[in-house]
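Contents: one structure, followed by commentary.
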Amino acid sequence: MATGQINVSVENIFPLIKKFLYSDHEIFLRELISNGTDATLKLKHLTSIGEAKVEYGNPILEVKIDKEGKKLHIIDQGLGMTADEVEKYINQIAFSGAEEFLEKYKDSAKDSGIIGHFGLGFYSAFMVASKVEIITKSYKDEPAAHWICDGSPEFTLEPADKTSRGTEIILHIAEDSLEFLEEFKIKELLNRYNKFMPIPIKFGTKTETLPKPDDAPEDYVNETIEVDNFINNPNPAWTKQPTELADEDYKNFYREVYPMQFEEPLFHIHLNVDYPFNLTGILYFPKLGSDLQIQKDKIQLYQNQVYVTDNVEGIVPEFLTMLKGVIDSPDIPLNVSRSGLQADGAVKKISNYITRKVADKLKALFNDNRADFEQKWNDIKIVLEYGMLSEEKFYEKAGAFVLYPTVDDKFFTLEELKENLKENQTDKDGKLVVLYAGNKEAQHSYIEIAKEKGYEVLLLDSPIISHLIQKIEGDNKDLTFVRVDSDHIDNLIKKEETTISKLSDTEKESLKTSLETYIPKAYTVQLEALDSNAAPFIITQPEFMRRMKEMSQSGGGGMFGMGNMPEMYNLVVNTNSDLASNILNTEDKSAQENLVKQALDLAKLSQNLLKGEELTAFVKRSFDLIK
């Protein structure tokens, strides 16, 4: 038996490991299982190239709890180590790695994620254990070794009588970490970090019911047997080629990753690239609707099938963080901070690749089955519209599949929109005016007026639509979007013909003065000579002001401080209507006031603006009129 002192200049490094290396103590299990997996896969490689003259077989990893002995065992059937290798890898390399790491990352260690790169994975054991033992037998024909350390720089190393190849790590769980002797806790960690590890992981046993024999009597009780309980799927869908998988396989994998998710995904995108970096994965579009407050952090990042994080910011373009799925890449530097990650060249390439791949897949889906794509549009539009605003590369490709639906459920791409609308909706200055509604119900009367003129009205109702149409207008100089309630229809699409006003200029002045006496300051009175059948009073909201206000409220863009401005409206009064003449010619001031108030309330009612006290007064006044 040999005893020795680990060669460290920091006196007792273990409290430092406990304090600095991981913000999350439970990560020790992931690290130790990763080491065991690594040892097993290295053996597989050495046997395949003939360097290790042993039978690889079907190795597994096992995690065992000994609650009474307060011990946790992690056992692999991998390479194993000789006594010399234990001395070298455990006492020298891993420790110098630990020191170097602490020096360099003292301040940001909590942010650094996986630490296995530094050979430090093993030492994470001391975060939960008061003593750690390693019993290991190399695949080489050498005696087994037994290493023991109690968290001080002193260790003992002696021969062991282990006869089977591989390594067993025994953690004597410390008093402040006894939760790691609970079966449910270990199960939860294995499920989170090791669900797709490439080597089968055994954790306890489970009871299986045997099938009933054909000739079994009525009162036959099915027999049960205890079988090993394997907690992982070593060959998850993303490790296979797309050609090996059917639609059902993708759906099953979605259920495997999100067992609590009951809605099926709309479609998937299989990522598979080996140059200029390695990346595999499957992304899913879940049903999203119009809500921007979607739970992010649903994409899981793996490194060689080891779960790392669900914070994929910087790796996945921001607009796609609303998707779900898995990305696996050995090329993502996990030992750097988040800010470092975003500046990393390889990571930027990965982000661009994912953007391109998603755009190509959307285009293919649109081309292959347009009707199906249109049906799913409302569930995916928020991601795509956000992508157009935030990623120039995506915006460039989006013209091929981004849709603009009408209130009648027709769908146009931007080019189709221009083609279909140019004849009817080009104004006298040669500008194509695209009319849209933000809410089919609230703007119903305006939509109907536009449709009577033969105009198409789009339904654009996502919370960021003002930003998007601003961008599209910037790139298409002869195109303008206006909401259908932002002015009278004849002003929205100005044609050459003008209607003659029945009222003289003097009468108009007099009418305007009377109206402004009774109409609140929030409304700007606008006299228009319209068709005599058009509504006498119409409330509109100027496009520019409303759009800037919306853009300020939804962040980014708009005019500074406009988000808090009160709502502003125009009151368009049709000078050719009978009501306008009636108001003008009524001598009785009280009767004139009643006419104006009733007409304004009716206009407000059609805009859904009549509420509370005003609505109560309107109803009472209306009943009085029909007594």
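Some values worked out for this structure:
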item: Test: GLU226 is surrounded by fewer than 12 Cβ atoms within 10 Å (Cβ to Cβ), acidic (Asp, Glu) and either in a strand (DSSP E or B) or out of contact with any helix residue (DSSP H, G or I) (no Cβ under 7 Å at 6 or more places or on another chain) (or both); result: yes
item: Residue identified as open to solvent by 30 Å² or more (accessible area, probe 1.4 Å) and in contact (Cβ under 8 Å) with a residue 40 or more places away in the chain among ASP461, ASP372; result: ASP461
item: Total residues in the range 530-547, condition open to solvent by 30 Å² or more (accessible area, probe 1.4 Å) and part of a loop (DSSP other than H, G, I, E, B); result: 6
item: Matching residues in the range 158-196 - criterion: being of a type in the set (Val, Ile, Thr), open to solvent by less than 60 Å² (accessible area, probe 1.4 Å) and either in contact with an Asp or Glu (Cβ under 9 Å, 6 or more places away or on another chain) or not in a helix (DSSP H, G or I) (or both); result: THR167, ILE169, ILE170, ILE173
item: ILE464 being aliphatic (A, V, I, L, M) and under 24 Å from MET568 (Cβ atoms); result: yes
item: Tabulated pairs, the range 469-493, first in contact (Cβ under 8 Å) with a residue 24 or more places away in the chain and under 21 Å from TYR569 (Cβ atoms), second assigned to a loop (DSSP other than H, G, I, E, B) and among the acidic types (Asp, Glu), C-beta under 7 angstrom, 6+ apart or interchain; result: ILE493/ASP427
item: Test: LYS512 is more than 49 Å from the chain's Cα centre (by Cα) and either in a loop (DSSP other than H, G, I, E, B) or not β-branched (Val, Ile, Thr) (or both); result: yes
item: Looking only at the range 345-355, and only at residues there that are out of contact with any helix residue (DSSP H, G or I) (no Cβ under 7 Å at 6 or more places or on another chain) and either open to solvent by 10 Å² or more (accessible area, probe 1.4 Å) or among the small types (Gly, Ala, Ser) (or both), the one that is nearest to ALA400 (Cα to Cα); result: TYR353
item: Selection from the range 132-167 of residues that are in contact with a Cys (Cβ under 7 Å, 6 or more places away or on another chain) and either over 18 Å from GLU62 (Cα atoms) or among the hydroxyl-bearing types (Ser, Thr, Tyr) (or both); result: PHE155
item: Residue match in the range 29-36 (condition: under 15 Å from LEU181 (Cα atoms) and within 37 Å of the chain's Cα centre (by Cα)); result: yes
item: Number of positions in the range 421-459 that are within 15 Å of SER606 (Cβ to Cβ) and in a strand (DSSP E or B); result: 1
item: Top-ranked residue of the range 473-509 - restricted to ones that are hydrophobic (A, V, I, L, M, F, W, C) and part of a loop (DSSP other than H, G, I, E, B), ranked as farthest from LEU459 (Cα to Cα); result: LEU503
item: Answer from LYS512, LYS508, LYS495 - the residue that is at pLDDT below 85 and open to solvent by 50 Å² or more (accessible area, probe 1.4 Å); result: LYS495
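The values are calculated or read from the model by the stated rules, or taken from the named source; none is laboratory data. Keep in mind that this is a model prediction, so the values were computed, not measured. Neighbour counts are summed over all protein chains in view; Cβ atoms, including those assigned to glycine, are modelled from backbone coordinates with ideal geometry. In case anyone asks, the SASA skips ligands and DNA or RNA and just uses the protein heavy atoms, side chains included. Shrake-Rupley method; radii C 1.70, N 1.55, O 1.52, S 1.80 Å.
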